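The values are calculated or read from the model by the stated rules, or taken from the named source; none is laboratory data. Just so we're clear, the structure is a prediction, and the values are computed from it rather than from any experiment. Counting neighbours? That spans all protein chains shown, and the Cβs are built from the backbone with ideal geometry, glycine included. With ligands, DNA and RNA removed, areas are computed over all heavy atoms of the protein, side chains included. Shrake-Rupley method; radii C 1.70, N 1.55, O 1.52, S 1.80 Å.
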Amino acid sequence: MKELQVNGQRLWQTIMETARFGGTEKGGVCRLTLSDADRQVRDWFVSECEAAGCAVSIDEMGSIFAWRPGKMDKLLPVAIGSHLDTQPSGGKFDGIAGVLSGLEVLRTLNEAGYTTDAPLELIDWTNEEGSRFTPPMLASGVFAGVFERDFAYAVVDRDGKRFVEELERIGYRGQRKCGDYKLGAYFELHIEQGPVLEAENKTIGVVTGMQGQKWYEVTVTGQDAHAGSTPMRLRRDALVACARMVESIQKIALNHAPLAVATVGLVVVRPNSRNVIPGSVFFTVDLRHPDDDVLLQMDRELREKVNAIAKESDVEAKLVNNWNVAAMEFDRECINQVRNAAEALGYRHRDIISGAGHDAVYIARVAPTGMIFIPCEQGISHNELEKTTSEYIAAGANVLLHTVLAYDEARNEARR
Ligand code: GLV
Ligand code: MN
Ligand code: MN
C-alpha cells in the first residue's frame, strides 16, 4: 500500500470549489460559524461524504461525522478532522485543508478498493475559530468534556445571538449526543500558520504539541465628554488609557522574547464619534507561550499593568480571563506514525510545536492524537491572502493517508 497516493489535483480543485462559500473579493473566505455560508459549505460537505459512501450524522453541537465502514466495525474509529469555519477575513486553507484532505483520503481509499480494519470517521468540528462565538474549539471542547453543552448553547455573539438558536436556524442542531462515543485515534492536517517550515525548506511539520494560551476581555470606563470644551487635564479618556494598555501588552511579550506572543485584536470604542471623548472601550487580549510558568508570569504582568494604567488615567478597568488552555504534548505513538509516514514518503520534515490552537488539542484529552503541518507562504494566515501550494497539500494528505493506514495496521498487529 506504500505506493498509494492521493489525487492532488482533485484535492486542490475541491478546496477551490468550497472557497466560493463565503468567498471574498480579495480571494479569501468569510465563513463565520453558523452563518449562511457555514450552512452552505456544510450542505456541500454532507452530500460529498454521502457520495463517498459514508453514513453522516450530526451531533448536538452541529459537528458533522462521516463514517466509513471498516472490516471490523466493533473497533473504535480512526478519525480525521478539522474545521470549515473561518475568521472574518480568513483564507482558503485554515481548517479547510484538513477536512478536505480527509475527504480526499476517503475518496482515494474508495478508488483503491481498500478497507481498513477499523472504521474511519471524518469530522468537521463546529466553531474552531472562536471569532464569532468565544471560546474557540467549542464543539471539540464539549466533545472532550472541557465545556458543558449548555454552556456552549448559551454563548452569544456580539449581536446577542445565541449559539443554540443560530445552530437551529441553519438546521444543524443534530440528535447525536456530543461526546457519547469514543474515537480510537484522531489525526488533523493543518497549514502551519507560521514561517518555520517555509524558512527551513521543509514540506511536513510533525507536530509534537501546542503552546499554552490565555484569552481576556477588558472593559475600560471613563467618561464621555465634549471634544471642544473639556480641558485636557479634566478628561477621563478610555481610549487613551486603552492605547497605553495595548502598548504595555506588547511589551509584556517583548520582555519574554523570543517565544512569547501577545495580541490585542478586537477593540470597540464607544460612542465612536469624532467629537466625543470616548467614555468606554472594550478590547480583547490573547497571550501565548509554550511554557505555562512563563504564561502565568505574563498573566500577572497583564493584571498589574491594566490596574496601574487605569489608576494613572483616572478610569476604571475590568479584566475578565475568559479562556485558558495549557501547553500540551500529543500522543507519542501518533507523533511517531506521522514522522514515519513523512520519512517513508521521502518528504523533508521537522518536529514543530503549534503556535495556533486546534481541535486536536481538546481531542487529545480523549483519544490518542497527532497533527501534520504543511507550509504556508511567509507563514501568513488569518488573512485573505493566506497561500499554500497544491504540492504541499498533496504531500500533507499523503502523510495523512499513510499515517491512518499505518495506525490501523499497527493496532491490528497489536491484537494478533
Ligand atoms: C486559532 O485559529 C487560533 O487563534 O490559534
Ligand atoms: Mn484552524
Ligand atoms: Mn484559525
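Sorted by packing (mean other beta-carbon atoms within 10 Å per residue), highest first, where do 378-387, 59-68, 111-120 land?
Going by the mean number of other Cβ atoms within 10 Å, highest first, we get 59-68, 378-387, 111-120.
Go ahead and run the numbers for FRET between Arg350 and Ala410, Cβ-Cβ distance against an R0 of 30 Å, rounding to 0.05.
After rounding, the FRET efficiency stands at 0.85.
Taking each pair of distinct Cα atoms in the range 86-131 once, what is the resulting Kirkwood hydrodynamic radius in Å?
Across the range 86-131, the inverse of the average 1/r is 12.4 Å.
Roughly speaking, to the nearest percent, how much of the range 121-280's 1.4 Å accessible area is carbon and sulfur?
So the carbon and sulfur contribution to the accessible surface is 49 percent.
Give the whole-number value, in cubic angstrom per residue, of the convex hull volume spanned by the C-alpha atoms of the range 1-49.
Considering the Cα atoms of the range 1-49, their hull volume per residue is 102 Å³.
Taking the radius of gyration and the Kirkwood hydrodynamic radius from Cα positions alone, what is the Rg/Rh ratio for the range 221-286, to two decimal places?
Using Cα coordinates only, the ratio equals 1.10.
GNM on the chain, C-alpha springs below 10 Å: top fluctuator among Asp299, Asp159, Asp331?
Looking only at Asp299, Asp159, Asp331, the largest GNM fluctuation is found for Asp159.
Cβ under 10 Å from Met137's Cβ, Met137 left aside: what net charge do those residues give with Lys, Arg +1 and Asp, Glu -1?
-3
State the Kirkwood hydrodynamic radius of the range 1-110 in Å, one decimal place, computed from all pairs of distinct Cα atoms.
Roughly 14.8 Å, rounded to one decimal.
What fraction of the Cα pairs in the range 84-216, stated in percent, has a spacing above 21 angstrom?
So the portion of pairs separated by more than 21 Å is 54 percent.
Report the Cα-based extents of the range 259-416 along its three principal axes, largest first, to the nearest Å.
71, 34, 23
Is the shape of the range 164-287 rounded, prolate or oblate, going by the alpha carbon gyration tensor and its root eigenvalues a ≥ b ≥ c, with a/c under 1.5 for rounded and a/b larger than b/c for prolate?
oblate
³J(HN,Hα) across the range 131-138 via Karplus (A = 6.51, B = -1.76, C = 1.60, θ = phi - 60°), whole Hz, x for Gly/Pro?
7, 7, 10, 9, x, x, 6, 6
Convert 4 °C to kelvin, take the viscosity as 1.567 mPa s, use the Kirkwood radius over C-alpha pairs of the chain as Rh, and evaluate the Stokes-Einstein diffusion coefficient in µm²/s, rounded to a whole number.
Here the translational diffusion coefficient equals 58 µm²/s.
Starting at the first residue of the range 234-241, write each ³J(HN,Hα) from the Karplus equation 6.51 cos²θ - 1.76 cosθ + 1.60 with θ = phi - 60°, in whole Hz, x for Gly and Pro.
9, 7, 10, 8, 5, 6, 5, 4
Amide H to amide H, which residues 5 or more places from Thr388 or on other chains are under 5 Å from it, using H placed in the peptide plane?
Those lying under 5 Å, H to H, from Thr388 are Glu377.
So for the pair Asn110, Ala308, with labels modelled 7 Å out along Cα→Cβ, what separation do we get in nm?
The modelled label-to-label distance comes out at 6.1 nm.
Please report the orientation-averaged projected area of the range 55-157, defined via the convex hull of its C-alpha atoms, in nm².
Computing the convex hull of the Cα atoms and averaging its projections yields 7.1 nm².
Taking the inverse of the average 1/r across all pairs of different Cα atoms in the range 152-224, what Kirkwood radius in Å do you get?
17.8 Å
Step through the table entries Lys182/Lys318; Lys71/Lys182; Lys92/Lys214; Lys71/Lys92, compare each Cα-Cα distance with 29 Å, and write down the pairs that go over it.
Table pairs above 29 Å Cα-Cα are Lys182/Lys318; Lys71/Lys92.
Give the accessible surface of the chain per residue, rounded to a whole number of Å², with probe radius 1.4 Å and ligands, DNA and RNA excluded.
Accessible area per residue: 42 Å².
Convert 10 °C to kelvin, take the viscosity as 1.306 mPa s, use the Kirkwood radius over C-alpha pairs of the range 312-364 as Rh, and evaluate the Stokes-Einstein diffusion coefficient in µm²/s, rounded to a whole number.
For these conditions, the coefficient is 107 µm²/s.
Which net charge results when you count Lys and Arg as +1 and Asp and Glu as -1 among the other residues whose beta-carbon is under 13 Å from that of Ile80?
Here the count lands on -4.
Let's test the formula: R0 of 35 Å, r as the Cβ-Cβ distance of Arg300 and Val196. What FRET efficiency results, to the nearest 0.05?
With R0 = 35 Å, the Cβ-Cβ based efficiency is 0.75.
Under the rule of -39500 (n - 2.57) per DSSP H run of 4 or more residues, summed and divided by the residues of the chain, what mean residue ellipticity at 222 nm is obtained, to the nearest 500 deg cm²/dmol?
For the chain, the value works out to -11500 deg cm²/dmol.
Note down the net charge around Thr369, summing +1 for each Lys or Arg and -1 for each Asp or Glu among other residues with Cβ under 14 Å from its Cβ.
That works out to -3.
On the accessible surface of the range 298-371, probed at 1.4 Å, how many percent belong to carbon and sulfur atoms?
45 percent
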